[in-house]
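Have a look at the structure below, then the notes.
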Amino acid sequence: MCAVKINLRTIAPFLDEKSLEKWYEKSLQSLSVLENREGRGNDYLGWVNLPSSITAAELKELKEVAGKLSNGVEIVVVIGIGGSYLGAKAIIDALSHSFVSLLPERKHPLVVFAGQNIGEDYHAELLEVIKERSAACIVISKSGTTTEPAIAFRLIKQHFEEKYGKAGSRERIVAITDKARGALRTLAVQEGYHTFVIPDDIGGRFSVLTPVGLLPIAVAGFDIEALVKGAANMEITTAKKDVSNPAVQYAAVRNALYAQGRKIEVLVNYNPKLHYFTEWWKQLYGESEGKEHKGLFPAGVDFTSDLHSMGQYLQEGERRLFETVLSVAHSSHTLTIPNDAQNLDQLNFLAGKRLDECNKMAELGTLLAHVDGDVPNIRVEIPAVEEYYLGALLYFFEKSCGISGYLLGVNPFDQPGVEAYKKNMFALLNKPGFEQEGEALRKRL
Ligand code: PA5
């Protein structure tokens, strides 16, 4: 059984078979360009055959380091931003108990994140929390020069050195960065931190299956072997040169809808644990496709919560969007709705039914309502929120993204636009060498 299935049963009113076939053909061509490494950005394709190339020894080392780092530790602070943050956050949130921080006992440290913003309150409160607790840190930056994680790491390093001394800190810090370049590599070598390498040919947003994602996920106690296995099997499935390939299907349909003027893609989930999976997906597609004044705008909603905030817009607002529903067949727990003798809420017709059944009917009811409201729907189906299927889903979206970027005619593997804000921020902060730009910018404010 394929771990990820594309269900296009409701697409007919929006895309006829002939045009779908045309897009499938183009999508297969883009797959070949990707697999043959003939397209733009082809020096960043290390992720394509990554899952099948991860060895048992590499996974063992990751688990050993995770074990050492977790030993006697209550909190592990993972520092990183963008691709050096969202993958680990997405998978850990998806697999964790919804109230993990409130559990009376935990077998694994609590993983918290820093350096994904420059919020003063956020970081001050983090330091407050780790002051009284035993902590360790994983600092991640491919370039080793990104401002947000560097600021967070300064704070954590200083805190650790005051609390545990230099030698003690060395035992508690692992750095994941480029093999040779960047300030973080220099610092890690100087301080003697254990390090893992982010390969040169894998960009940040495609790095979740490198130590960038795998080490924090292992620290949180999840099965990285199953995650990688799911991805490796999806690597085989999505290499197929025919239209049974789900990555080819998804890339084709979203580009076909885009070409019709559907400029916004909304990723929908019905499981709050998938909120950060959507955030990871938004970065993957937004940063890969949003260039040269082109690209679908990736948005996300958590249903049914957001049906009570965004539902009205989705049903009746501007018709420039479509939805991709992340549909999970089975939930992990069983919970039925109780009977109530008074039945004041008149819901006894639901008594004995599982919450998941109600959720599924909300999902199907919404799907049909939105289709009737002129919102095309693509369904991406997985059997359960488990490591194996999540690994498959990660890789599926990565592969579709590569194909899709080529269909769109952009280089999906660079991110030139991310630099503009950094230049202005440095200028406004009086970084040496940016004085003139700083002055010019201040005049405009
Ligand atoms: O996908 C990307 O390349 C970016 O989102 C980066 O991951 C992000 O900017 C962080 O970069 P770095 O890991 O170099 O600190």
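The values are calculated or read from the model by the stated rules, or taken from the named source; none is laboratory data. In this text the structure is predicted, and so the values were computed from the model without any measurement. All Cβ positions, glycine included, derive from the backbone under ideal geometry; neighbour counts span all protein chains shown. SASA here: full protein model, heavy atoms, side chains in, ligands and nucleic acids out. Shrake-Rupley method; radii C 1.70, N 1.55, O 1.52, S 1.80 Å.
Among the residues of the stretch 329-384, count how many are exposed (fewer than 13 other Cβ atoms within 10 Å of the Cβ) and touching a residue at least 60 places away in the same chain (Cβ under 8 Å).
Residues in the stretch 329-384 being exposed (fewer than 13 other Cβ atoms within 10 Å of the Cβ) and touching a residue at least 60 places away in the same chain (Cβ under 8 Å): 1 in total.
The conditions are (1) of a type outside the set (Phe, Trp, Tyr); (2) in a loop (DSSP other than H, G, I, E, B); (3) more than 23 Å from residue 256 (Cα to Cα), and residue 13 fails exactly one of them. Which is it?
(3)
Anything in the stretch 236-259 that is over 15 Å from residue 402 (Cβ atoms) and open to solvent by less than 20 Å² (accessible area, probe 1.4 Å)? List them, or say none.
Scanning the stretch 236-259 gives 253, 256, 257.
Out of 290, 311, I need the residue that is touching a strand residue (DSSP E or B) at 6+ places or on another chain (Cβ under 9 Å), within 16 Å of the ligand (Cβ to nearest atom) and either over 26 Å from residue 395 (Cα atoms) or open to solvent by 30 Å² or more (accessible area, probe 1.4 Å) (or both). Which one?
Working: 311 fails: within 16 Å of the ligand (Cβ to nearest atom).
Unique residue meeting the criteria: 290.
Among the candidates 362, 351, single out the residue that is aliphatic (A, V, I, L, M) and over 30 Å from residue 245 (Cα atoms). Please lay out each step first, then the result.
On the way: 362 fails: over 30 Å from residue 245 (Cα atoms).
Of the residues listed, the single one that is aliphatic (A, V, I, L, M) and over 30 Å from residue 245 (Cα atoms) is 351.
Can you name every residue in the stretch 393-423 that is over 19 Å from residue 241 (Cβ atoms) and away from the ligand (no atom under 16 Å from the Cβ)? Let's see the steps before the verdict.
Restricting attention to the stretch 393-423, the residues satisfying the condition of being over 19 Å from residue 241 (Cβ atoms) are 393-394, 397, 408-423.
Once the filter is applied, which keeps residues that are over 19 Å from residue 241 (Cβ atoms) and away from the ligand (no atom under 16 Å from the Cβ), the stretch 393-423 yields 393, 408, 409.
Give the stretch 103-117 a look and list any residue that's surrounded by 14 or more Cβ atoms within 10 Å (Cβ to Cβ), among the hydrophobic types (A, V, I, L, M, F, W, C) and over 15 Å from residue 159 (Cβ atoms), or say none.
Residues satisfying the conditions are 110, 111, 113.
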